[in-house]
Amino acid sequence: MSDDSEKSQLTDGGWIAWFCSLEDHHFFCEVDEEFIRDSFNLYGLKPKFSHYEEALEMILQPDCPDEEDMQNEKFLRIYQDASDLYGLIHARFILTPRGLAIMREKYLSGRFGTCPRVLCERQNVLPLGLSEDLRTSRVKVYCPKCEEIYIPKRKCIDVDGAYFGCSFPHILLSAYTDLTVQPTTSVYIPKIYGFKIYKKKGSKFYQQPEHLTQMSYYGPEQLRKMKIGVETVSYTHLTLPTIYSVQISVVAVSLKKK
């Protein structure tokens with residue numbers, strides 16, 4: 001790439017377009033400036049940030065940062081707040097009709113990647129957070145076919161799960177019923193030389209784990225584990241899709257009653 005084209009990447013377009021074009025930021029969509037300028041949409045965010053006004057001003061800048069900015073210590077402090085503020089605004093925007101429509105197109109084009117589970121046959125996935133709070137967990141991906149969560153193929157190390165929230169995939173799939181995917185009926189059965197393995201899946205002696213804990217976001221136990229340096233979801237946890245922490249089947253029943 002020539003020096004001129006590198007400079008144009010830094011100077012063309014506004015901060016939002018620049019931020020969304022950064023490496024590993026392909027999960028983001030560009031939030032409409034009108035949405036950001038409406039103070040109603042920003043309710044409750046100001047107390048979360050030390051440099052709220054400066055961060056908001058940075059997000060709405062018509063120019064993107066240049067090389068000199070990226071070496072300025074004060075700029076970088078505000079940039080961290082701007083990144084987090086944009087992320088939390090983004091989590092709200094993608095639940096609006098306009099935001100859902102944009103994310104739907106990204107999902108259909110496979111921009112979020114595909115399920116790593118072989119038996120899901122490259123089913124497209126959706127970004128998901130395991131907490132609504134910043135600095136709790138990086139973004140994960142949710143497969144609507146096996147209804148499980150995974151670490152993205154590209155780990156997106158600076159993309160917080162709170163930038164998408166815990167409910168986004170399920171709201172999108174509920175809003176667009178044409179995206180409904182039939183749950184997988186394919187199950188892998190471990191065998192040795194064609195014979196099923198005693199007490200393993202497929203064996204008549206196989207027993208489901210007795211203590212499956214329902215899990216759809218990081219609760220106190222997971223957060224406790226993370227504080228000692230491990231971000232993990234135990235294999236004895238069953239992930240359940242929820243909307244605003246309410247199990248989807250419960251939401252569907254309540255809507256039918258109305």
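The values are calculated or read from the model by the stated rules, or taken from the named source; none is laboratory data. Since we're looking at a predicted model, the values are computed, not measured. All Cβ positions, even for glycine, are placed from backbone atoms using ideal geometry, and neighbour counts span all protein chains on display.
Can you name the condition, by its number, that R135 falls short on among (1) surrounded by fewer than 19 Cβ atoms within 10 Å (Cβ to Cβ); (2) part of a strand (DSSP E or B)?
With respect to (1) surrounded by fewer than 19 Cβ atoms within 10 Å (Cβ to Cβ); (2) part of a strand (DSSP E or B), R135 is out only on (2).
Output the helices (runs of 4 or more DSSP H) that fall wholly within the stretch 40-127 and possess 3 or more residues being in contact with a helix residue (DSSP H, G or I) (Cβ under 7 Å, 6 or more places away or on another chain) and within 19 Å of D158 (Cβ to Cβ), or say none. If you could, list the steps in order and put the result at the bottom.
Numbers: elements: 52-59, 73-93, 97-108.
Where helices (runs of 4 or more DSSP H) fall fully within the stretch 40-127 and carry at least 3 residues being in contact with a helix residue (DSSP H, G or I) (Cβ under 7 Å, 6 or more places away or on another chain) and within 19 Å of D158 (Cβ to Cβ), they are 52-59, 73-93.
What are the pairs with Cβ atoms under 9 angstrom where one residue, in the stretch 134-148, is without any contact (Cβ under 8 Å) to a residue 24 or more places away in the chain and the other, located anywhere, is among the hydroxyl-bearing types (S, T, Y)? Sequence gap at least six, or different chains.
K140/Y150
Going by the conditions given, is L119 farther than 25 Å from S39 by Cα, in contact with a Phe, Trp or Tyr (Cβ under 8 Å, 6 or more places away or on another chain), surrounded by 17 or more Cβ atoms within 10 Å (Cβ to Cβ) and not β-branched (V, I, T)?
Working: farther than 25 Å from S39 by Cα: yes; in contact with a Phe, Trp or Tyr (Cβ under 8 Å, 6 or more places away or on another chain): yes; surrounded by 17 or more Cβ atoms within 10 Å (Cβ to Cβ): no; not β-branched (V, I, T): yes.
No.
Can you name the residue in the stretch 143-199 that is acidic (D, E) and touching a helix residue (DSSP H, G or I) at 6+ places or on another chain (Cβ under 8 Å) and, of all such residues, is farthest from M103 (Cα to Cα)?
Residues of the stretch 143-199 acidic (D, E): 147-148, 158, 160, 178.
Pick out the ones that are also touching a helix residue (DSSP H, G or I) at 6+ places or on another chain (Cβ under 8 Å) and you get 158, 160.
Numbers: D158: 20, D160: 17 Å.
In this case the residue turns out to be D158.
Of the residues that sit in the stretch 119-160 and are within 15 Å of I94 (Cβ to Cβ) and not β-branched (V, I, T), which one is farthest from the chain's Cα centre (by Cα)?
E132
Yes/no matrix, rows are residues, columns are (1) at pLDDT below 95; (2) in contact with a Lys or Arg (Cβ under 6 Å, 6 or more places away or on another chain); (3) crowded, with 20+ Cβ neighbours inside 10 Å:
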| position | (1), (2), (3) |
| --- | --- |
| K48 | no, no, no |
| E53 | no, no, no |
| E57 | no, no, no |
| M70 | yes, no, no |
| K74 | yes, no, no |
| G87 | no, no, yes |
| A91 | no, no, yes |
| T96 | no, no, no |
